[in-house]
Amino acid sequence: MPNNRKVPEINSTSTADIAFMLLIFFIVSTTMSIDAGITRKLPPIEEDKPQDQPEVKERNVFIVLINRNNDLFVENGPMDISELKEKTQEFILNPNDAENLPEKILLSKKRDQALQKKENAKAKEIQKAIDIFGDRYVTKGVVSLQNDMSTKYEAYIKVQDELMRAFNELQNQLAKEAFGKEMDELTEEEQDLVKVVFPLAISEAEPAKVGGGK
Amino acid sequence: MSKFKKKGSNELPAISTASLPDIVFMLLFFFMAATTMREVTLKIIVRMPEASEVKKLEKKSLVSYIYVGKPNKQYEKKFGSEPRIQLNDALKDIPDIGQYIASEREKRDEADIPFMTTALKVDGDTKMGIITDIKQELRKSNALKINYSTRKLIR
C-alpha cells in the first residue's frame, strides 16, 4: 500500500523530560565552587630542638602582629594594611643596604655554607640558581607573623594574603626577568629555583599570648 | 503576494522539538562533568574570607576538610552558638582531629600520604584561638600541608 511507505516516527518528546529530570538532579547536587585558598606548610614539631641554634638578629626579623582588636602592628608600630605589601618588599629587598633592614648574603656564599654542613642537595640547587640568575644577594630576613587568641580569622587571612602578595610579586618579577614568563607558567623545577632567591620566609610564632589577650 | 498563499496552508506548522533533547543532554553532560557531589551536609555556617593570592587545590581526592563556624540555627540549642569544628558529618572537638587525620590517611594509598592536604574552611568571624589549636593538633599528627580555603577576590 502506498501509505505504508513512511516509517512512523518514534515519539521522542519524553526524552527531553527524562533528560530534564537528570539535569535538575545534577544542578541541585552541584557545587560549582572550585576549592582554592592560601597554601601553607606548617613547621614540624621538633621535640629535641638543637640548643646551639644561632640567634636570629633583630634586624633580620620583620614582626607583623595582629592584636585582639584586629589592628595591625609592624615592628611595634601601627600600620595600615595597604602599606604592608610595600614594607614587606622593602624589608626583603633592602635596596639601600640600610642598617635596620636585614642582612643580605651572596648565593655563592650560601652555597658554600650548605656544602660545609654537608647539605649537598641544597648546595646543588643553589648552584643551579646561580647559573640562571647570576650570583646575587639574597636576604636573610624572616617575616614573623603573630596573632592573638581573639584575633578574627578574617583579619588574619587578610594579612596572610597581603604577605603572600608581597612575595609573589617579587617572585613574578624575577621569573619575568629570567625566563620571560609568569611564575605560574614555569615548570616546577624553575619555580623552585625562583624560590631559592625569594623563599617564602614567613614564620608563625608558637602559640603564645600576645597583645594583652585573655 | 498571491504567490505564497497558493502553496501554504492556513495552519501554522508545529515547531519541531526533536532537537530539544539534544540541547538538554548537552547541558546535562556539562553539569555531570563539572559536578562534585556535596560530601557533607554542613551543620555550621561557614562564610569564608576573601583573598587574592590563592592556589587551586589540585588533587581533590587527597584533600581532607575541616570546617569551623557557628552552628546552624537548628543545631544552636544542642551545640550553643560558639564556633565549632565539623569533621565529616559530625561536630567534634579539637582532640578528635588526630583521629580524623588518621582515618583519612587509612582511606588513601600509602604512597599518597605525603601529598595529602588539609583544607581549613573557616568562617571569617572565628577567633584565631581555635585555629591555632587546630594547627597545633595537625602538627602533632604530622599533617603539615594546609590550605586556608578562601573565596577568590579579584583585584
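With label points built 7 Å along Cα→Cβ from the Cα atoms of A:GLU9 and A:ALA121, find their separation and express it in nm.
6.8 nm
Name the residues whose placed amide hydrogens come within less than 5 Å of the amide hydrogen of B:THR126, ignoring near sequence neighbours (fewer than 5 apart) on the same chain.
A:TYR153, A:GLU154
Where a Cα-Cα gap under 24 Å defines reach, which lysines qualify for A:LYS104, not counting those fewer than 8 residues away within the same chain?
A:LYS57, A:LYS85, A:LYS87, A:LYS117, A:LYS118, A:LYS122, A:LYS124, A:LYS128, A:LYS140, A:LYS176, A:LYS195
Taking amide H atoms as placed 1.01 Å from N in the peptide plane, list the residues 5 or more away in sequence, or in a different chain, whose amide H sits under 5 Å from that of A:SER144.
HN-HN under 5 Å from A:SER144: A:PHE62, A:ILE63, A:VAL64, A:SER203.
Given a Förster radius of 45 Å and the C-beta distance between B:ILE45 and A:GLU185 as r, what FRET efficiency does 1/(1 + (r/R0)^6) yield to the nearest 0.05?
0.75
In nm, give the distance between the simple-model label positions of A:ASP97 and B:ARG151, each being 7 Å from the Cα along the Cα-to-Cβ direction.
The two pseudo-label positions are separated by 4.9 nm.
Give me a comma-separated list of calculated 3J(HN,Hα) values for region B:59-67, in order, Karplus coefficients 6.51, -1.76, 1.60 applied at θ = phi - 60°, integers in Hz, x for any Gly or Pro.
So the J values, rounded to whole Hz, are 8, 5, 5, 9, 9, 10, 10, 10, 9.
Could you please tell me the mean projected area of the C-alpha convex hull for chain A, averaged over all directions and given in square nanometres to one decimal?
23.2 nm²
Under a crude label model (7 Å from the Cα following the beta-carbon direction), how far is B:ARG139 from A:TYR137 in nanometres?
It works out to 3.3 nm between the two label points.
Long-range amide H contacts for B:LYS92: which residues qualify at under 5 Å (H placed 1.01 Å from N, peptide plane, sequence gap of 5 or more or a different chain)?
B:ILE85, B:GLN86, B:LEU87
Taking R0 as 30 Å, what FRET efficiency do you get between B:THR17 and A:SER29 from their Cβ-Cβ distance, rounded to the nearest 0.05?
With R0 = 30 Å, the Cβ-Cβ based efficiency is 0.65.
Using the beta-carbon distance between A:GLU86 and A:LYS41 and R0 = 35 Å, what value does 1/(1 + (r/R0)^6) give for FRET efficiency, to the nearest 0.05?
Working: r = 26 Å, r/R0 = 0.73.
It comes to 0.85.
Which is the longest stretch in chain A that no exposed loop site breaks, taking sites as GluC sites (Glu not before Pro) with a DSSP loop state and at most 15 other Cβ atoms within 10 Å?
In short, A:120-181.
Rounded if a/c is under 1.5, else prolate if a/b is larger than b/c, else oblate: which is region B:15-149, with a ≥ b ≥ c the root eigenvalues of its Cα gyration tensor?
Prolate is the answer for region B:15-149, as a/c is 1.5 or above and a/b outweighs b/c.
Could you derive backbone 3J(HN,Hα) for region A:20-29 from the dihedral phi with the Karplus parameters 6.51, -1.76 and 1.60 (θ = phi - 60°), listing whole Hz in sequence and x where the residue is Gly or Pro?
Values, residue by residue: 4, 4, 4, 4, 4, 4, 5, 4, 5, 8 Hz.
For region A:146-200, what is the charge dipole size about the Cα centre, in debye to the nearest 20, if Lys and Arg each add +1 at the Cβ and Asp and Glu each add -1 at the Cβ?
Once rounded to the nearest 20, the dipole reads 240 debye.
Whole number please: convex hull volume per residue of the Cα set in the protein assembly as shown, in Å³?
Convex hull of Cα atoms, per residue: 301 Å³.
A short reminder: the numbers here are calculations on the coordinates, not readings from a lab. It should be emphasised that the depicted structure is a prediction, and the values quoted were computed from it without experimental measurement. Using ideal geometry, Cβ is built from the backbone for each residue, glycine included, and neighbour counts are taken over all protein chains shown.
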